[in-house]
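What follows is a short report on a single structure.
We did not get these values from a lab; they are worked out from the coordinates using the rules stated. Quick caveat: nothing in here was measured; it's all calculated off a predicted structure. Glycine also receives a Cβ, built like all others from the backbone with ideal geometry; neighbour counts cover every protein chain displayed.
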Amino acid sequence: MISVKKQMNQNQNTILIMKNIIRTIMLGLVSMTLASAAPSVGQAMPKLSGMLPGAAIPNTAGKVVLVDFWASWCGPCKASFPCFNRLHQKYAGKGLVIVGIGVDEDPAKYQAFVAKQQVAFALAHDAKHKAAAFFAPSTMPTSYLVDRKGIIRYIHSGFKGAKTEAEYAKQIEELLAK
Amino acid sequence: MKFISRIILCVSSLFLCNCAEQLVRVQPYERGNLAGPLMSQERDPLQKAMTEHAYFSREASFGGGGVGGGGCGCN
């Protein structure tokens, strides 16, 4: 009789331990899933200097920021550079900061591309994909337009020439006016 | 038993979701090597144009590589 009771207690203990282990695993997996979620519209922009140590990131406090992920092997990225130069010339004085983050793994390709383009705005090299992995851009190029309070307001996937440039100009003017 | 199997199913599906997201997929920013000219199926545009022309007009066969047509060889 006593051995049966002991057996039942042991079984209950085992079930409790199992339940706790399963709960922990489930919590871990759910947090992993949530942690891998990319930044979206309405979320605060994280500090780029923390993700890109050594990069010369300009002061973005109280400014409208355009963060663009590009690569030398990406055609639309190349096409977007003259547009960003024009936007920089037009709106930098009014409070726009453009930061282009290159995701080339090979520093030589990054340097060669930068040397060919006449870039007026700030650039940073994310060779280890630390920032890219955090933002998880859905396509190349992807850009994030951030308001003066540091909140992501618009996300652009791809670059479609004059149409995208007009959208940028409209949205930048809207955010600068706030 | 049913409860345990349901738990195992939930855990494995979550685990597989995470694997699919982080391990298997090549992210857009990691496609530098895939975007190289060596990875292109059309390495020689002239040769491709000639082959397509041969298929289109001489072989009277057509499909998959261009605009619509009847395959009559009359173009």
Residue in region A:129-137 that is in contact with a Phe, Trp or Tyr (Cβ under 9 Å, 6 or more places away or on another chain) and over 20 Å from A:SER49 (Cβ atoms) present: no
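Looking only at region A:127-140, count how many residues are within 8 Å of chain B (Cβ to nearest Cβ) and assigned to a loop (DSSP other than H, G, I, E, B).
As a first pass, look at region A:127-140 and keep what is within 8 Å of chain B (Cβ to nearest Cβ): A:129, A:132-133, A:136-140.
Among the residues that remain, those that are also assigned to a loop (DSSP other than H, G, I, E, B) are: A:129, A:136-140.
Count: 6.
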Matching option when the condition is without any contact (Cβ under 8 Å) to a residue 24 or more places away in the chain and aliphatic (A, V, I, L, M), among A:ALA108, A:ALA132, A:ALA112, A:ALA120: A:ALA108
Return the residues of region A:58-96 that are surrounded by 19 or more Cβ atoms within 10 Å (Cβ to Cβ) and either among the β-branched types (Val, Ile, Thr) or on the phi > 0 side of the Ramachandran plot (or both); say none if nothing qualifies. A:THR60, A:VAL64, A:VAL65, A:VAL67
I'd like to know if region A:39-59 contains one or more residues that are assigned to a helix (DSSP H, G or I), hydroxyl-bearing (Ser, Thr, Tyr) and out of contact with any helix residue (DSSP H, G or I) (no Cβ under 6 Å at 6 or more places or on another chain). yes
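Go over the candidates A:GLN118, A:GLN111 one by one and state the one that is more than 11 Å from chain B (Cβ to nearest Cβ) and in a loop (DSSP other than H, G, I, E, B). Talk me through it step by step, then tell me what you get.
Working: A:GLN111 fails: in a loop (DSSP other than H, G, I, E, B).
Testing whether each residue is more than 11 Å from chain B (Cβ to nearest Cβ) and in a loop (DSSP other than H, G, I, E, B) leaves just A:GLN118.
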If we scan region A:77-90, do we find a residue that is polar (S, T, N, Q), assigned to a helix (DSSP H, G or I) and touching a residue at least 40 places away in the same chain (Cβ under 8 Å)? yes
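Mind listing whichever residues of region A:59-78 are away from every other protein chain (no Cβ under 11 Å) and of a type outside the set (Gly, Ala, Ser)?
A:ASN59, A:THR60, A:LYS63, A:VAL64, A:VAL65, A:LEU66, A:VAL67, A:ASP68, A:PRO76, A:LYS78
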